[in-house]
1. Restricting to the stretch 35-93, what's the tally of residues that are surrounded by fewer than 14 Cβ atoms within 10 Å (Cβ to Cβ), of a type in the set (S, T, N, Q) and in a loop (DSSP other than H, G, I, E, B)?
2. Which residue out of Ala149, Ala142 is in contact with a helix residue (DSSP H, G or I) (Cβ under 6 Å, 6 or more places away or on another chain), within 29 Å of Ser92 (Cβ to Cβ) and of a type outside the set (Asp, Glu)?
3. Criterion first (more than 30 Å from Val47 (Cβ to Cβ), in contact with a Gly (Cβ under 7 Å, 6 or more places away or on another chain) and of a type in the set (A, V, I, L, M)) does Ile172 satisfy it?
4. Here are Gly136, Gly143: which of them is at negative phi and surrounded by 12 or more Cβ atoms within 10 Å (Cβ to Cβ)?
5. Find the helices (runs of 4 or more DSSP H) located wholly in the stretch 115-182 whose residues include 1 or more that are free of Cβ contacts under 8 Å to residues at least 40 places away in the same chain and closer than 27 Å to Ser65 by Cβ, and list them.
6. Going by the structure shown, is Asp96 in contact (Cβ under 8 Å) with a residue 12 or more places away in the chain, open to solvent by less than 90 Å² (accessible area, probe 1.4 Å), assigned to a helix (DSSP H, G or I) and of a type in the set (Asp, Glu)?
7. Does Tyr115 meet the test of being among the hydroxyl-bearing types (Ser, Thr, Tyr), farther than 17 Å from Phe40 by Cβ and open to solvent by less than 100 Å² (accessible area, probe 1.4 Å)?
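The values are calculated or read from the model by the stated rules, or taken from the named source; none is laboratory data. Because the structure is a prediction, the values reported are computed rather than measured. Backbone-built Cβ (ideal geometry, glycine too); neighbour counts: all protein chains shown. Only protein heavy atoms, including side chains, enter the accessible area calculation; ligands, DNA and RNA are left aside. Shrake-Rupley method; radii C 1.70, N 1.55, O 1.52, S 1.80 Å.
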Amino acid sequence: DTSNQSSYSEGISEVEPNLFLFHGGPNLLGEIPQPIVWAFPHNYHLVKQYPNAAATIYDWIDDLSVFPYDRELLERNHARALKEATMVTCVSRVLDQEAKRVRSDAIYLPNAVEYERFARQDVEAPDDEEWSALVGGGKPIAGYYGALASWFDYDLMDKVAELRPDWNFALIGDALDGSVND
């Protein structure tokens, strides 16, 4: 994926033992034996630039309506990916059920977290008054990081927060469709 230029430096880096992340143009991937190309709705059209031997994982990470890209491109990429990709993964059960209409072998692969990375106590907090108030009260924090859109169950979050006044709740992410303020 070359869509997030600021997050990674150009080239290949080992992110975990024996797991390498490539960031750059497709021309270098021709030299990698049996590459796996991981693509999303907004960049699946770039798959054709990679070697024919590449296995392709299409990761359907969200409803197409929330992406800030050309709708025709997204729909074309999505339809093509469901037909052609080596593997199709879906982040939600709703998307998985929809994908299974075309690809019975689609895999439900929900978001997850590495608990150890978030349980660390030695992380320096940002210098921000709201953040300090949130974490300084000694309450447990239930957090969500991701897209905030109409499909997020804000009513459920409100009900849980009412039932747990001894906790703090934090929603962190882009408000994609204005529903967070409803």
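1. 2
2. Ala149
3. Working: more than 30 Å from Val47 (Cβ to Cβ): yes; in contact with a Gly (Cβ under 7 Å, 6 or more places away or on another chain): yes; of a type in the set (A, V, I, L, M): yes.
In short, yes.
4. The match here is Gly143.
5. It comes to 154-163.
6. On the way: in contact (Cβ under 8 Å) with a residue 12 or more places away in the chain: yes; open to solvent by less than 90 Å² (accessible area, probe 1.4 Å): yes; assigned to a helix (DSSP H, G or I): yes; of a type in the set (Asp, Glu): yes.
It is true that Asp96 is in contact (Cβ under 8 Å) with a residue 12 or more places away in the chain, open to solvent by less than 90 Å² (accessible area, probe 1.4 Å), assigned to a helix (DSSP H, G or I) and of a type in the set (Asp, Glu).
7. No.
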